[in-house]
Structure formats: C-alpha cells, structure tokens
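What follows is calculated from the coordinates using simple rules that are stated; it is not laboratory data. Because the structure is predicted, anything quoted here is derived from the model rather than measured. Positions of Cβ are generated from backbone atoms using ideal geometry, with glycine treated the same way; all protein chains shown enter the neighbour counts.
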Amino acid sequence: VRSMNAMKKEHLQSTNLIHLTALVERLLSSENPTEVLKQFKLLNSRLAIDIVCNGGATWIKVIARNARALTLISLGNGEYGQKSILDQAEQHLECSKLHPYYYKSPKVVFHFAYGIETVLASKLEELGVFVEGERIQSGEEVCSNTS
C-alpha cells in the first residue's frame, strides 16, 4: 500500500480497522471497562473477549459485519469452516461458565455495530446472549446448530 502512494477504500475494508474502530467506539461507552482483548482458556483453545467490564461480570463481543451477511452465514451460506454468530455465541457462553465472576457466569453481550436482523437477534437471546444494536427486519427463518 505504501509503495503505491495511493490509499484505496478496499485497502482499509480488507483490514481489521473497521472492527477496531467499532471496538473503540463501544469501549468508550462501556461501564467500568477493565480489560480489552482479554484471552480466556476454553477447553483446548483460547477465546478473546473484546471488552471485559465491571471487573469481569460482563463480557462484550463487538461485531462489525453486515447484518444480512451474518444471517446468511447462520443459515449455512458461509464459507466452509466459517463459524456463524450462533456458533460464536455458544462458544462465548460455554467459556463464561468456565470463568465465573463471584460464582456467576459473566453476562455475555454481543454488540452489533451495523445492526442485526431481528430473527437472528431472537435466536441469540434464546441462547442467553444480550443483544445490542439496531434491529433490522428480515423474512428468513434462522436455524440453530444446537444439539
């Protein structure tokens, strides 16, 4: 990018700057943030929590993706091996149970910087995730991958 002396919109969109901008914006409105991009052990892997608040009582994941794309991926229309937002929710909830704060699982919040379709927001709330962001109407039914 530097050698071309020209910055294109595509260069910025292909980086994580959009996600980091959304993360900083949510961080600035967070109540008592204590950690950013905190790693937690999850069985045989690690999970990065974008923002930890209230000493560990609240975990916030920031999602800066197109609402329609999130729904389509949850319907199984993503790339092979790509985790849907529902898969990520289950992973966050499982991890929160392994790392209690004062004997309670942390509250898991998903913040959608560019909105979320209503049907997908409802599925997340059924799982136990608190959803933030503009609710967008859609006509599609989202299937859950839960067993």
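At a glance:
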{"item": "For the stretch 25-38, Karplus couplings with θ = phi - 60° (6.51, -1.76, 1.60), whole Hz, Gly/Pro x", "result": "4, 6, 4, 5, 9, 7, 8, 6, x, 10, 9, 10, 6, 6"}
{"item": "Residues with amide H under 5 Å from that of Lys61, placed H, sequence gap 5 or more", "result": "Val109, Phe110, His111"}
{"item": "Extension gain from Glu31 to Arg135, taking 0.36 nm per residue of separation minus the Cα-Cα distance", "result": "35.2 nm"}
{"item": "Around Thr34: net Lys/Arg minus Asp/Glu count, Cβ-Cβ under 15 Å", "result": "0"}
{"item": "Lysine pairs in the stretch 2-136 with Cα atoms under 23 Å, if 8 or more residues apart or on separate chains", "result": "22"}
{"item": "For the stretch 2-136, projected area of the alpha-carbon convex hull averaged over all directions, nm²", "result": "9.9"}
